[in-house]
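> Input: one structure, supplied below.
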Amino acid sequence: MSGKADKLGAGSSFQVTQSISPRRAAINAATQAPTEGAPPPVKLPVSVISLNPANPRSEMGDLTDLAGSLRDHGQKQAISIMSRFSYLEANPERENELEEGARYVAIDGSTRLAAAREAGLAEIKVMLDDDLGSNPDELLESALVANIHRQDLSHLDEARALQQLLGVHGTQEALAARLHRSQGWVSQRLALLGLTPELKQKLESGEEPTDLLRLVGRKKPEEQEEQLQRLKDKRAQEKADKKIGAKERTRHVETMLRAASASTQAPPSTPGAGGNSAAGAADSQLPGQNVAVPDPRSAPPPKPPQIKMPWADGVASMDIIFSKVIEPERHRMIGRYLELLRTPEAFVADLTAAGSPEYRRQVAELLMKDL
C-alpha cells in the first residue's frame, strides 16, 4: 500500500521531516525556541497552502502592517501546516472549503499566510505536522493553544473556541488542565459570551476594559450596564485615592529631606553673636563682678538629625531609600533582598502581590530575552 506522502505527491522537502505533537508545537509557539525532535522549517509556495476554513479567528483584520513586515524584515517564525490528506481525514466535511489546488492546510499561521500573499511573497516557511489533530476538536485545540500563547485572538474568538472545547472536555477544570491554565482563567474568558450584544461590540472596539467586562458577563443582561458603571466608578475612585496618597507621601518625603538638608548646611552658632551669647552676657555684667570669658576654641558643628524612617509606610520608606542610595549600592541592596528571600518562588510571590498582571507579563518577556 502506498504511503500517505505518495498519495499526496509531497515534495522531497518533507521526506525526512519528523512530526511533532500538539503540546510540543505549543511550546515552540510560546517560547519561539526549538525543542528536541522538532525539524527545521522549510519553504513552500504560498499557492499550495490553503487557509484553514476552521480557523478560530473570525476575521483577519488589516494585514497591511504584517505584510509590510514580512516583505521588509522577513518571516521570523514558521507556520504550522498539515497535509491536505490528513486534514480531510479529520475534517471530511471541509473538502469543498479548501482552496483549489492546495496540498497543505495552515493550522497555526493563517494570518501570516494571508499577509504573505498580500505582500506578494512567493514562498513561506512552514513546519509540517500531521499529528496536530485527528478530529475537528483536536485541530481547534492545536490552533487555539498556539494563538493563546501569542495572544493572537480577539477576546470573543478566544471565548467561542473555549466554549467549543468545553463541550469536548466536559468541565472547566479538565479544559484548564488540558490548556495548562487555571480554572479561573477559563471561567473569566467564557463569561464574555454572556455579555449583551452592545457590550460585546464595545469589547471588540476596545471602548470598555476587558477585565471589567469579564466580571459583568455573569450578570443578568438587564443588570450588566449598571454593574459595569459601578465597577468603573470604583476603579476611578481607587485611582484618585492612590494618586492623592502618592502626592501626600511625596510631600512628606520632600519635607523630611529638606529638613535634613537645612540642618546639615546651617552655620554653627558663634560666641558673641546675639543677646544670649557669652559675650553679650559679659557686657551686662556690673563692674567688680566675675566676667565669663568665652572659650577661644570654636564650638563643634551640631550633628545633623537622623531621618526617622516611616517603616510603617513601605512606599514612603522606599521613596527615601531610592533617593539616597546610589545605583551600585542599589544593585547590592536588591541582591541582598533576593538572598534574604532564599527562593525564586518567594520573589515571584512578592512580585505577584505588588505588580499588575501587565507588569508581570512585561517582566517575564524581558527575562525570556536574556535566556
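A short reminder: the numbers here are calculations on the coordinates, not readings from a lab. It should be emphasised that the depicted structure is a prediction, and the values quoted were computed from it without experimental measurement. Heads up, the Cβs are rebuilt from the backbone with ideal geometry, glycines too, and the neighbour counts pull from every protein chain shown.
> With θ set to phi - 60°, apply the Karplus curve 6.51 cos²θ - 1.76 cosθ + 1.60 along the range 127-139 and write out the HN-Hα couplings as whole Hz, x wherever there is a Gly or Pro.
10, 8, 8, 7, 9, 5, x, 10, 8, x, 5, 5, 5
> Same structure, new question: Quote the relative contact order of the range 42-198 in percent (integer), defining contacts as alpha-carbon pairs under 8 Å separated by 6+ residues.
Relative contact order comes out at 28 percent.
> Along the principal axes of its C-alpha atoms, what lengths does the range 94-172 span, in descending order and rounded to whole Å?
On the principal axes, the range 94-172 reaches 44, 26, 22 Å in Cα extent.
> What is the packing order of peptides 45-54, 358-367, taking the mean over residues of other C-beta atoms within 10 Å and listing the highest first?
For the peptides 45-54, 358-367, the packing ranking is 45-54, 358-367.
> Ranked highest first by the average count of other Cβ atoms within 10 Å around their residues, in what order do 231-244, 130-143, 103-116 fall?
103-116, 130-143, 231-244
> If each residue of separation counts as 0.36 nm, what is the full-extension length gain between residue 366 and residue 322 once their alpha-carbon separation is subtracted?
Taking 0.36 nm per residue and subtracting the Cα distance, the gain is 13.6 nm.
> Using square roots of five times the C-alpha gyration tensor eigenvalues, list the equivalent-ellipsoid semi-axes of the range 145-241 in whole Å, biggest first.
Values for the range 145-241, descending: 26, 14, 13 Å.
> Rounded to whole Hz and in sequence order, give me ³J(HN,Hα) for the range 66-78 from the Karplus expression 6.51 cos²θ - 1.76 cosθ + 1.60, θ = phi - 60°, writing x for Gly and Pro.
Once θ is set to phi - 60°, the couplings for the range 66-78 become 5, 4, x, 5, 5, 6, 8, 10, x, 8, 8, 9, 5 Hz.
> Enumerate the amide H contacts of residue 127 below 5 Å, restricted to partners 5 or more residues apart or on another chain; note that Pro and chain-start residues carry no placed amide H.
Under 5 Å from the amide H of residue 127: 79, 80, 81.
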